[in-house]
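Engineer: If you scroll down you'll find the structure; I have some questions about it.
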Amino acid sequence: MARLIVEAQGTAATGASQGASDVDLATPGNSRGLPLVVSVTDVDGVPVSGLTLANFTADAKLVGPYGSGVEIQEPDGVGGGHDGFYYVRLIPTMYQGTRHTWVTGRYIFTVAVTRGGDHGQTVLAVLVD
């Protein structure tokens, strides 16, 4: 079992892009995707490629008031990776058949990556406003 080095950054739509119909990003009141760029390397700094959705988990540890948890969008919520950089798309969870929406506030997410017995994790904050 070895350690994976995992780093992540994410963003929601802000400023002039909020509410624009052609901007497909998370804003308060919608359930569009919130993109993360996740870097995965081994302990020697070599990029880890070939990972799929099954290798990633994400969780919202802290959310804005009345906010919901998150999940990785399926089936195409994880992309890229040939160079160790993955595009991961988070969406609010569903409850009784209805998808929650983003609320205004700072979200604290965790991202964990496994590959066989190898494991790594990180934490990141994203402001949805």
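The values are calculated or read from the model by the stated rules, or taken from the named source; none is laboratory data. Nothing here was measured: the structure is a model prediction, and the numbers come from that model. Backbone-built Cβ (ideal geometry, glycine too); neighbour counts: all protein chains shown.
Let's see how each residue does on (1) modelled with pLDDT under 95; (2) in a strand (DSSP E or B); (3) surrounded by 14 or more Cβ atoms within 10 Å (Cβ to Cβ):
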residue: 8; (1), (2), (3): no, yes, yes
residue: 16; (1), (2), (3): yes, no, no
residue: 19; (1), (2), (3): yes, no, no
residue: 25; (1), (2), (3): yes, no, yes
residue: 28; (1), (2), (3): yes, no, yes
residue: 31; (1), (2), (3): yes, no, yes
residue: 38; (1), (2), (3): no, yes, yes
residue: 45; (1), (2), (3): no, no, no
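Engineer: Here's another thing I want to ask about it. I'd like to check which strands (runs of 3 or more DSSP E) are fully inside segment 49-103 and have at least 1 residues that are of a type in the set (A, V, I, L, M), surrounded by fewer than 18 Cβ atoms within 10 Å (Cβ to Cβ) and free of Cβ contacts under 8 Å to residues at least 60 places away in the same chain. Can you show your working first?
Structural biologist: Values: elements: 56-62, 70-72, 78-80, 85-92.
Those strands (runs of 3 or more DSSP E) span 56-62.
Engineer: With respect to residue 105, is the statement that it is at pLDDT below 95 and touching a Leu at 6+ places or on another chain (Cβ under 8 Å) true? Give the steps one after another, and end with the answer.
Structural biologist: Details: at pLDDT below 95: yes; touching a Leu at 6+ places or on another chain (Cβ under 8 Å): yes.
Yes.
Engineer: Please work out which one of (1) more than 21 Å from residue 128 (Cβ to Cβ); (2) in contact with a Leu (Cβ under 9 Å, 6 or more places away or on another chain); (3) not hydroxyl-bearing (Ser, Thr, Tyr) is the condition residue 111 fails and give its number.
Structural biologist: Of the numbered conditions (1) more than 21 Å from residue 128 (Cβ to Cβ); (2) in contact with a Leu (Cβ under 9 Å, 6 or more places away or on another chain); (3) not hydroxyl-bearing (Ser, Thr, Tyr), the odd one out for residue 111 is (1).
Engineer: Can you tell me how many residues within segment 109-129 are in contact (Cβ under 8 Å) with a residue 40 or more places away in the chain and over 15 Å from residue 11 (Cβ atoms)? Full working, then the answer.
Structural biologist: Initial filter on segment 109-129 (in contact (Cβ under 8 Å) with a residue 40 or more places away in the chain): 109-115, 117-124, 126-129.
Filter again for over 15 Å from residue 11 (Cβ atoms), leaving 110, 112-115, 117-123.
So the count comes out to 12.
Engineer: Considering every residue within segment 52-68, establish whether at least one is of a type in the set (Phe, Trp, Tyr) and at pLDDT 95 or above. I'd like the intermediate steps shown before the answer.
Structural biologist: The first filter runs over segment 52-68 and keeps only residues of a type in the set (Phe, Trp, Tyr), leaving 56, 66.
Next, only the ones that are at pLDDT 95 or above stay: 56.
Scanning segment 52-68 turns up at least one residue that is of a type in the set (Phe, Trp, Tyr) and at pLDDT 95 or above.
Engineer: Can you name every residue in segment 84-123 that is more than 11 Å from the chain's Cα centre (by Cα), among the β-branched types (Val, Ile, Thr) and closer than 16 Å to residue 31 by Cα?
Structural biologist: 93, 98, 101, 103, 104 - these are the residues of segment 84-123 that are more than 11 Å from the chain's Cα centre (by Cα), among the β-branched types (Val, Ile, Thr) and closer than 16 Å to residue 31 by Cα.
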